[in-house]
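Novice: Sharing a structure below in structure tokens format, with a few things to ask.
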């Protein structure tokens, strides 16, 4: 296993072998999670704090479960409700928490780069659970694990990421990871939801869904983030569904064995048709949730190993 | 009374440099030496007209903990800036003769260098009602600007420009189209997309410039653009100048020496307004300064305390201090072979002085003896905590620079250095 990081702030700093280390270990943790005694003690004696400055039920519970399965003491802090409202700065919050001697800090924040900033101020391992429009590394890792298990490989695949690319940290982390693994990437969406300079990443950019889906192996749909819309990005939900919503007709352009993914929570009838999402032959959306717990277990385990090694070296 | 001997004289007026002596008599540059004058041996160091820096933010009134006239003045003196042309974006803004008088008095009391205040063009810089431009001119305002606030209502802008024209007042505009620029923290492109930062297209500058050029044509106002930072805005500027409009343009030293990639991992000291641009844009504006299309280089000195910078990039305050780093940073352009020293000082000293109708910026007889003596090659590594500014938000912290100021004189009186 090679994993050299002190934090998991994004996919960008990771090398190929580090990504594969996480995925390989996650495979073991999938087996553990499916076994009768779903418990190990890799994180025993460690304190994990989940600090969410932005609402999230799914990611937070996934991290919580991952920590508990590995024996960590887990605490959840909902930050919208607390001191942020009282005017405390991010740095002060971080220093306060740091004084409680956590070992793993899982952070989600609405601003890009906020988790990097926080990681500079604490002496524990920090995991980025999503920062603004920047990165959401564990989501990309769980997607990669899902693809590898469904397709038998994680390279030389045609992968389409569709929808609201501009506001999506999931898209960024995914295109960095899948690019590092040498896949062909396509981004599909209306120009108003497509960030600038994407073709410079080595992606092909499509505005037409059917054209973009032609012969792909993997279709990753993104949530249309309504809460991020200032208004005016798309004319209406129904026109969006008509042009970019994944239904059987559009999916027919992909390869016959193409898999369908979605990071959740889904807007059925907006970006994805309900019957596609529920089609067990095509959709791997439930697997993604399962892989999420395993990948987070693996990432926290690897970070904890480095943290312990570093502390022993310092002692 | 001073005689500078063995100086490398940088004369932006003639566009030439030569070895020689320079005489100062009664605070003015003179052709003939005065008897008994102090002799300063320059040992071949450069002697140039002091920098006239348009757009310095001194945080008085309102935020004296960030910068005072005293600290800004010391920073200016150490940086070879002999005239600070101050911005009105204080709290409260300088939008009445009374607040302007406060600034003038504070500056006179504590600043070692000259201070010329600018005033707001609209009350509260809110873009609705014009300020008392006539009274403010009488009180000593040298130009009128709402700084980084753009007057969004074009009718208001038109009337402000017309009224300013009737008094011959100079208006300084920020030409970033406000709708597109709102909330932006980076320039659109691969870097902003990768970092997930809210972006603005560089075309926002062209659009803002196009509108203001049309207003200049309508009103005949004397107009200066605070910062032109993109390649696409340059042809419009060139046409406006060819058409004979009374228009000049500036650029900040940061846009001449840094690009968007310097932000790297969300380094907030590199957050400025407008945001840093692509390398092609940086090169284009450097070339425009060399050719004279862009007239003026300024520091856009904007002090911010640690608290307002130690935040996630989007939330962090914009701006960088620059009074002390303006000259060494500008010398990077000289060392890179982009322009010679007289051309550099045309943009740092002569052109801003001319634009404001001042006698500074020259080495000819009769000009005020506002001078900077510097060694253009002396290397150093910048330590932000050694800056004179109260705020230490410089993007050049730890940077290797060349160019040390050895002495600064204002009206023939030494304000910095002891050699």
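The values are calculated or read from the model by the stated rules, or taken from the named source; none is laboratory data. Remember, predicted model here, so these are calculated numbers, not experimental data. Cβ placement follows ideal geometry from the backbone for every residue including glycine, while neighbour counts extend to all protein chains displayed.
Novice: Within region A:160-167, is there a residue that is on the phi > 0 side of the Ramachandran plot and within 19 Å of the chain's Cα centre (by Cα)?
Specialist: yes
Novice: In addition: Among the helices (runs of 4 or more DSSP H) contained in region A:162-273, which hold 3 or more residues that are closer than 22 Å to residue A:138 by Cα and at pLDDT 95 or above?
Specialist: Those helices (runs of 4 or more DSSP H) span A:169-180.
Novice: With respect to residue A:141, determine if the residue is out of contact with any helix residue (DSSP H, G or I) (no Cβ under 8 Å at 6 or more places or on another chain), buried (at least 20 other Cβ atoms within 10 Å of the Cβ), part of a helix (DSSP H, G or I) and more than 14 Å from chain B (Cβ to nearest Cβ).
Specialist: no
Let's see how each residue does on (1) out of contact with any helix residue (DSSP H, G or I) (no Cβ under 6 Å at 6 or more places or on another chain); (2) away from chain B (no Cβ under 14 Å); (3) not in a helix (DSSP H, G or I):
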| residue | (1), (2), (3) |
| --- | --- |
| A:3 | no, yes, yes |
| A:12 | no, no, yes |
| A:21 | yes, yes, no |
| A:31 | yes, yes, no |
| A:41 | yes, yes, yes |
| A:45 | yes, yes, yes |
| A:59 | yes, yes, no |
| A:64 | yes, yes, no |
| A:67 | yes, yes, no |
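Novice: Scan region B:284-301 and give yes if some residue there is surrounded by fewer than 24 Cβ atoms within 10 Å (Cβ to Cβ), within 14 Å of chain A (Cβ to nearest Cβ) and either on the phi > 0 side of the Ramachandran plot or not in a loop (DSSP other than H, G, I, E, B) (or both), otherwise no.
Specialist: Taking every residue of region B:284-301 in turn, none turns out to be surrounded by fewer than 24 Cβ atoms within 10 Å (Cβ to Cβ), within 14 Å of chain A (Cβ to nearest Cβ) and either on the phi > 0 side of the Ramachandran plot or not in a loop (DSSP other than H, G, I, E, B) (or both).
Novice: Ok, one more. Those residues that are away from every other protein chain (no Cβ under 11 Å), closer than 18 Å to residue A:169 by Cα and outside any strand (DSSP E or B), I need them from region A:103-118; list them, please.
Specialist: Scanning region A:103-118 gives no hits.
Novice: Taking the criterion of being part of a helix (DSSP H, G or I) and more than 9 Å from chain B (Cβ to nearest Cβ), would at least one residue in region A:119-126 satisfy it?
Specialist: Yes, region A:119-126 contains a residue that is part of a helix (DSSP H, G or I) and more than 9 Å from chain B (Cβ to nearest Cβ).
Novice: Sticking with this one: Just to be sure I understand, how many residues within region A:115-132 are farther than 20 Å from residue B:315 by Cα and within 16 Å of the chain's Cα centre (by Cα)?
Specialist: Matching residues across region A:115-132 total 2.
Novice: Which of the residues that make up region A:187-232 are surrounded by fewer than 17 Cβ atoms within 10 Å (Cβ to Cβ), away from chain B (no Cβ under 12 Å) and touching a helix residue (DSSP H, G or I) at 6+ places or on another chain (Cβ under 9 Å)?
Specialist: A:204, A:207, A:208, A:210, A:226
Novice: Which of the helices (runs of 4 or more DSSP H) contained wholly in region B:184-244 include at least 2 residues that are crowded, with 21+ Cβ neighbours inside 10 Å and within 14 Å of chain A (Cβ to nearest Cβ)?
Specialist: Helices (runs of 4 or more DSSP H) meeting the threshold: B:190-195.
Novice: Only one of (1) outside any loop (DSSP other than H, G, I, E, B); (2) at pLDDT 95 or above; (3) over 20 Å from residue B:202 (Cα atoms) fails for residue B:308. Which number is that?
Specialist: Unmet condition: (2).
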